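Every number in this text was worked out from the coordinates using simple rules, so none of it is lab data. Just so it is clear, the structure is predicted and the values come from calculations on it, not from any experiment. Because the Cβ atoms are built from the backbone with ideal geometry, glycine has one as well, and the counts that use them run over all protein chains shown.
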Amino acid sequence: VHKRGQHVFSAMSRNNIESGFSRGAVELAWSFPLGDYPYLKGYVQYFSGYGESLIDYDQYVHRIGFGLALTDWL
């Protein structure tokens with residue numbers, strides 16, 4: 001995780017040793033402020049690899065997701 005101002009960048013990498021290092025995954029994410037709302041952030045996530053969900057644990061996928069996050073308001 002890396003913070004630059006109110007922007008947060010994160011990365012995750014993993015691999016399965018038993019598969020001969022052939023079933024890995026990489027995930028990159030970025031959250032950023034939206035306008036004048038301090039608790040509302042936009043979110044972008046990229047995933048490439050195996051095992052993003054139980055449904056596609058054995059399928060290689062590329063996914064990009066967009067969303068909103070409510071943060072730091074409690």
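Divide the volume of the convex hull of the Cα atoms of the chain by its number of residues and quote the answer in cubic angstrom per residue.
Working: hull volume 8.3 nm³, N = 74.
Hull volume normalised by residue count: 113 Å³.
Which one, TRP30, SER48, GLY65, is farthest towards the positive end of the dipole of the chain when Lys and Arg carry +1 and Asp and Glu -1 on their Cβ?
TRP30
I'd like to compare 50-56, 26-32, 61-67: which one has the highest average count of other Cβ atoms within 10 Å, and what's the full order after that?
Numbers: 50-56: 12.4, 26-32: 15.6, 61-67: 10.6.
Packing order, densest peptide first, comes out as 26-32, 50-56, 61-67.
Run the quick spin-label model on TYR60 and ALA11: label points 7 Å from Cα toward the beta carbon, then report their separation in nm to one decimal.
Simple spin-label model gives 2.1 nm for this pair.
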